[in-house]
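Working notes, beginning with the structure itself.
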Amino acid sequence: MSAGPEHFDAIIIGSGFGGSVMAYRLAEAGKRVCLFERGKAYPPGSFPRSPHDMKANFWDPSQGKQGLFNIWSFQRLGAVVSAGLGGGSLIYANVFLRKDPRWFVKENVPGTGYESWPLTRADLDPHYDRVEKVLGLQRYPFHHAPYASTPKTVAMRTAAEELKRQWPGQVEWELPPLAVTFGNPGQPPVPGAPIIEAMPNLHDLPRSTCRLCCECNIGCNYGSKNTLDYTYLTLARRAGAMLRTRTEVRHFRPRGDGTGYAVDYVEHRDDVTNTRGLPLTSATCDKLVLAAGAFGSTFLMLKNRPSFPGLSDRLGYAFNGNGDVLGLALQAVDRNTNQQRVINPSLGTVITSALRVADEIDGVGAKGRGFYVEDAGYPEFVNWLAQTADVRGTLRRLFHFVVAWIRMHVASNPTSDLGSLVSGVLGDGAFTRSSLPMLGMGREVPDGRLYLNHAGYLALDWQMDGDGGYFSQVTDVMRTIANELGATYRDDPLAYLSRVITVHPLGGCPMGEHPSAGVVDSNGQVFGFPGFYIADGSVMPGTVGPNPAFSIAACADRFADRLLSV
């Protein structure tokens with residue numbers, strides 16, 4: 001006789017900032033927890049770097065790819081999210097800023113861009129505090145050598161000082177808390193030092209402090225980032241949670257007897273590309289937590305909607321990209337010396353500092369919607385790609401090298417040292433050394449809608465022109481920063497095609513005070529379905545403003561309190 005499907009107190013779908021927090025909190029409380037993650041685990045040293053390995057580092061199992069990066073593309077917007085144990089923490093830029101108290105807006109009449117937060121900053125502050133302790137946040141040690149000489153941080157601070165003079169009281173610059181270990185507690189920060197952990201991490205491998213290689217967004221091979229696998233998931237497994245990787249949930253529904261939920265999932269294999277033919281396995285649970293991200297959770301909710309009669313009509317609404325904007329300040333020049341300004345964006349963490357521009361609701365005389373602009377960076381190998389992309393310049397330098405080499409031989413020059421000639425082929429690296437990427441994010445109008453198209457795929461209705469001037473405000477400030485640095489400003493090239501690339505998709509299953517306002521309540525429970533929670537970026541009823549990871553984790557911690565109390 002069959003023993004029937006496995007049963008758990010709670011099943012959690014997804015291991016990002018919502019799922020990992022919930023897994024730890026529930027396991028710590030003695031619940032029998034099983035977490036399903038579609039991607040694989042990434043221990044230190046396992047993140048690809050070579051072109052050959054990077055080519056396969058994308059998520060598309062039907063094409064034989066089960067890598068880290070999941071790329072979504074819609075008509076007006078593209079997005080980059082993660083597939084792996086630890087979710088977005090594996091590829092994000094580590095910033096942990098709390099949502100501004102005044103930006104928890106409340107609107108009364110649902111409509112285009114409707115945004116009403118059923119909770120406040122005071123509701124989340126205890127949970128922010130709890131998350132901060134677990135993640136061991138540290139600020140970029142800008143006042144310690146060798147960090148004090150980080151050029152991009154200096155450049156952003158320089159630009160911020162000028163903006164403060166132009167707009168008194170409306171601009172703030174800071175070194176935000178980062179989920180990165182620069183130094184062990186009580187010790188000065190030292191690049192590449194062994195990290196002392198209170199307990200072995202779930203990979204059971206050593207880690208080292210930040211080496212300033214700026215590879216945060218492609219996976220840290222040194223374990224310097226305090227990603228969720230080293231923190232919440234290690235704690236969850238230690239407390240008894242089962243963590244199952246390469247396990248993708250396809251369906252879920254209330255159980256026929258009214259006690260909990262049933263979940264159907266598949267297990268990915270390296271030798272199987274016919275993913276639709278993978279066998280389904282079922283498990284049951286008393287509590288179900290959906291935490292597959294704004295796209296994943298919304299897609300699963302839309303796909304399984306027939307099993308949840310009476311689900312809120314707000315499903316799919318309030319989508320936004322947290323106002324993500326990319327800008328570039330190219331070839332900066334110090335106007336006092338007329339010399340190239342050294343910025344070197346590949347030194348440091350991806351983000352080291354943040355500039356906050358006030359919102360009109362802040363009451364400091366600002367106009368328009370508020371936002372943040374943060375310095376950015378990329379791995380050193382991108383500098384090589386950018387420099388060699390200048391084909392004309394590279395060919396010109398190579399031509400001069402060949403001509404000089406021929407002249408040496410024709411003239412029977414006895415010199416055999418070609419170092420200076422080879423150096424000339426490489427050029428001066430001015431383009432990359434003096435340029436600064438910038439990341440903007442803030443209070444975009446959350447008027448996007450996710451839905452299933454006729455083929456059953458996720459689709460998006462979203463327009464840039466409904467932003468109330470937000471995107472132009474952000475680019476104007478980025479242009480001002482570039483001007484202050486003596487640089488030429490360039491928009492993200494995709495902006496000319498009315499396209500945006502976001503790494504912070506939010507909404508789709510928004511929180512609300514009642515079913516006509518949201519899919520879940522302020523404690524993350526789906527209206528009309530006790531014991532069913534959603535805990536990820538999809539529940540945000542609007543933009544967070546700064547990087548949303550902190551707010552997602554804090555909300556999940558709050559939701560865990562509610563789940564454990566009933």
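The values are calculated or read from the model by the stated rules, or taken from the named source; none is laboratory data. Small disclaimer: the values here were computed from a predicted structure and weren't measured. In this analysis, Cβ positions are derived from the backbone assuming ideal geometry, glycine residues included, and neighbour counts consider all displayed protein chains. Each accessible area value is taken on the protein alone, full model and side chains, heavy atoms only, with ligands, DNA and RNA left out. Shrake-Rupley method; radii C 1.70, N 1.55, O 1.52, S 1.80 Å.
Given the options THR298, THR284, name the one that is β-branched (Val, Ile, Thr) and not in a strand (DSSP E or B). It would help to see each step written out before you state the result.
Numbers: THR284 fails: not in a strand (DSSP E or B).
Of THR298, THR284, the one residue that is β-branched (Val, Ile, Thr) and not in a strand (DSSP E or B) is THR298.
Summed over segment 271-281, residues that are within 29 Å of VAL539 (Cα to Cα) and in a helix (DSSP H, G or I) total 2.
Do you know which of the residues in segment 317-347 that are outside any strand (DSSP E or B) and under 30 Å from VAL539 (Cβ atoms) is most open to solvent (accessible area, probe 1.4 Å)? Among residues in segment 317-347 that are outside any strand (DSSP E or B) and under 30 Å from VAL539 (Cβ atoms), the one most open to solvent (accessible area, probe 1.4 Å) is TYR317. Of all the residues in segment 302-316, those that are touching a residue at least 24 places away in the same chain (Cβ under 8 Å) and either buried (at least 24 other Cβ atoms within 10 Å of the Cβ) or outside any helix (DSSP H, G or I) (or both) number 9.
The set of residues from segment 237-254 being assigned to a strand (DSSP E or B) and open to solvent by 70 Å² or more (accessible area, probe 1.4 Å) comprises just one member, ARG253.
Taking segment 348-378 as the range and being of a type in the set (Asp, Glu) and in a loop (DSSP other than H, G, I, E, B) as the test, only ASP359 passes. Among the aromatic types (Phe, Trp, Tyr) and touching a helix residue (DSSP H, G or I) at 6+ places or on another chain (Cβ under 6 Å): does that describe TRP173? Considered against the rule, which asks whether it is among the aromatic types (Phe, Trp, Tyr) and touching a helix residue (DSSP H, G or I) at 6+ places or on another chain (Cβ under 6 Å), TRP173 comes out as yes. For the criterion of being modelled with pLDDT of 95 or more and not β-branched (Val, Ile, Thr), LEU315 passes. Residues considered: ALA283, ALA292, ALA241, ALA236. Of these, the only one that is more than 30 Å from the chain's Cα centre (by Cα) and modelled with pLDDT of 95 or more is ALA283.
Inspection of segment 45-63 identifies at least one residue that is open to solvent by 50 Å² or more (accessible area, probe 1.4 Å), in contact (Cβ under 8 Å) with a residue 24 or more places away in the chain and in contact with a helix residue (DSSP H, G or I) (Cβ under 9 Å, 6 or more places away or on another chain).
Quick check: anything in segment 21-38 at pLDDT below 95, over 22 Å from the mean Cα position of the chain (by Cα) and open to solvent by 10 Å² or more (accessible area, probe 1.4 Å)? No: zero hits. Within segment 523-535, residues that are free of Cβ contacts under 8 Å to residues at least 60 places away in the same chain reach partners that are among the acidic types (Asp, Glu) with beta carbons closer than 9 Å, at six or more positions or on different chains, in the pairs ASN523/ASP561. The residue that is farthest from ILE351 (Cα to Cα), counting only those in segment 142-197 that are open to solvent by less than 20 Å² (accessible area, probe 1.4 Å) and in a loop (DSSP other than H, G, I, E, B), is ASN184. Within segment 325-346, residues that are on the phi > 0 side of the Ramachandran plot reach partners that are crowded, with 21+ Cβ neighbours inside 10 Å with beta carbons closer than 7 Å, at six or more positions or on different chains, in the pairs GLN331/SER434; GLN331/SER435; GLN331/ALA487; ASN344/LYS152.
Tell me the residue from ASP286, ASP229, ASP270, ASP257 that is among the charged types (D, E, K, R) and open to solvent by less than 40 Å² (accessible area, probe 1.4 Å), please.
That would be ASP229, the only listed residue that is among the charged types (D, E, K, R) and open to solvent by less than 40 Å² (accessible area, probe 1.4 Å).
Might you let me know whether segment 516-535 holds any residue that is more than 30 Å from VAL342 (Cβ to Cβ), among the polar types (S, T, N, Q) and not in a loop (DSSP other than H, G, I, E, B)? Checking segment 516-535: at least one residue is more than 30 Å from VAL342 (Cβ to Cβ), among the polar types (S, T, N, Q) and not in a loop (DSSP other than H, G, I, E, B).
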